[in-house]
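Values quoted throughout were computed directly from the atomic coordinates according to the rules given, and no laboratory measurement underlies them. Nothing here was measured: the structure is a model prediction, and the numbers come from that model. With ideal geometry, Cβ positions are generated from the backbone for all residues, glycine too; neighbour counts draw on all protein chains shown.
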Amino acid sequence: MNIPFLDIQASYHELKSEIDAAVQRVLASGWYILGAEVDAFEQDYATYCGVRHCVSVANGLDALHLALRAMDVGPGDEVIVPSNTYIATWLAVSQCGAVPVPVEPVEATYNLDPAKIEAAITARTKVILPVHLYGQAADLAPILAIAKQHGLRVLEDGAQAHGARYRGQRVGGHGDAVTWSFYPGKNLGALGDAGAVTTNDPEIADRIRVLRNYGSRVKYVNEVQGYNSRLDPLQAAALRVKLSYLDAWNARRAVIADLYTNSLADSGLVLPEVLDGTDPAWHLYVVRSPEREALQAKLTQAGVGSLIHYPIPPHLQQAYAGAGFTAGQFPLAESMAEQVLSLPMGPHLGREQQLRVIDAIVSA
Ligand SMILES: *Cc1c(COP(=O)(O)O)cnc(C)c1O
């Protein structure tokens, strides 16, 4: 029995009849760009997150990019980003012509360290961009307080945190806006690329609606130089089906996380710590070991899949070679890149498979 890191087809198999019917409905409707199906998903997801507005876009990177544009981020501006994140968070800032300014995480939670933010603020800073990494909410209260004090916006990258809670409230409406990816492997995944922005700010929502559709509100009338970044109705229809299972699937992830945490307490690995007042969505269950390569090799031998999120921090990527960063400049991000390993996690990982993962780790 081989245990994949994630069985991406399993969610389709569980919901096949409902998803097939939803897709058929769109095919038969003859309406293939935006429209009622997309509006309905936006309404459903806004309600789920407990926010006023959801504007869907083509993917999570565009969600970040268009949200930053809607906040008037441009050349000469700086945006505070985590030193340890998926590169999309940084790329969206760079796409605006602005500069990503990295800040290190809290080692226990891997999320942006509020105590290190103020030292990174300059006269050019416009936005603080925390990421709810691995599905756990960043510590938003102190981040929002710092932003308020300095007159900055807060944009949250929620790509890994669908359904996660911070102080009882679902991520989606704490800061000025939250961006979402519905990439197939995320907790809420489409059948292709998809993304969205949620916000309680009607102006931000309106600006993104215009930006995603060629800068146009009325057909062939272009107010700004916009983009083509629309969610298509097929994805919206599939997402509506899956959204109704998100809480149940996240609950299954939480059970797996509990089992891992209880069973691996004496394994010598550094296990995930949950910040008080947060309920993670457990997108990933990430352990840390100085002997990560050997551990991963043994798991592979035992037929257990695992992945590294992420092997190279953004500041050391070739893509940012021109930005003047050096090795050693962000030691926490760098040691994480050397030590983290994500174990199999997902709502369709069976009990027997979970126990096999634990066995493989204990015997490694
Ligand atoms: C997946 C992801 C993104 C990008 O989403 P896409 O839909 O693939 O563009 C952005 N940020 C984080 C933290 C992610 O995990």
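Taking 0.36 nm per residue of sequence separation and subtracting the Cα-Cα distance, how much length would be gained by fully extending the chain between Ala265 and Glu118, in nm to one decimal?
Result for the pair: 49.4 nm of gain on full extension.
Among all stretches of the chain without exposed trypsin sites (Lys or Arg not before Pro) (DSSP loop, at most 14 other Cβ atoms within 10 Å), which one is longest?
220-364
So, with +1 on the Cβ of K and R and -1 on the Cβ of D and E, and no other charges, what is the size of the charge dipole of the chain about its Cα centre, to the nearest 20 debye?
620 debye
Please figure out what share of the DSSP beta bridges in the chain is antiparallel and state it in percent, rounded to the nearest 5.
Of those bridges, close to 60 percent are antiparallel.
So what is the diffusion coefficient of the range 151-261 in µm² per second by Stokes-Einstein at 10 °C and 1.306 mPa s, using a Kirkwood Rh over Cα pairs?
Calculated translational D: 101 µm²/s.
Using DSSP to call loops (not H, G, I, E or B), can you name the chymotrypsin sites (Phe, Trp or Tyr not before Pro) in the range 180-266 whose Cβ has at most 16 other Cβ atoms within 10 angstrom?
Taking the range 180-266 and a limit of 16 other Cβ atoms within 10 Å, the loop chymotrypsin sites (Phe, Trp or Tyr not before Pro) found are Tyr220, Tyr245.
Looking at the chain, which longest stretch skips every one of the GluC sites (Glu not before Pro) that is in a DSSP loop with at most 16 other Cβ atoms within 10 Å, leaving the sites themselves out?
Answer from the scan: 108-222.
Any chance you could tell me what percent of the C-alpha pair distances in the range 1-69 go past 20 Å?
I get 53 percent for the Cα pairs in the range 1-69 exceeding 20 Å.
Placing unit charges on C-beta atoms (Lys and Arg positive, Asp and Glu negative, everything else neutral), compute the dipole magnitude of the range 39-134 about its Cα centre in debye, rounded to 20.
Using Cβ point charges on Lys, Arg, Asp and Glu, the range 39-134 gives about 160 debye.
Round to the nearest 0.05 the FRET efficiency obtained for His150 and Ala28 when R0 = 56 Å and r is the Cβ-Cβ distance.
Step by step, r from the Cβ atoms, then E = 0.60.
Which listed residue (Val274, Leu68, Tyr166) has the Cα farthest towards the positive end of the charge dipole for the chain, taking +1 on Lys and Arg C-beta and -1 on Asp and Glu C-beta about the Cα centre?
Value computed over the given set: Leu68.
Rank the residues Trp31, Trp282 as a footprinting-exposure proxy: fewest other Cβ atoms within 10 Å of their Cβ go first.
Fewest to most other Cβ atoms nearby, the residues stand as Trp31, Trp282.
Wrap a convex hull around the Cα atoms of the range 64-215, take a quarter of its surface area, and give that in square nanometres.
Mean projected area for the range 64-215: 8.7 nm², to one decimal.
Once the other residues with Cβ under 11 Å from the Cβ of Gly172 are scored (Lys, Arg +1; Asp, Glu -1), what is the net sum?
Surrounding charge for Gly172 is +2.
Among Val99, Val197, which comes first, second and so on when ranked by fewest other beta-carbon atoms within 10 Å?
Starting with the residue having the fewest Cβ neighbours, the order is Val99, Val197.
Going by C-beta contacts inside 10 Å, put Ser181, Ser289 in order with the fewest on the left.
So the residues, fewest neighbours to most, are Ser289, Ser181.
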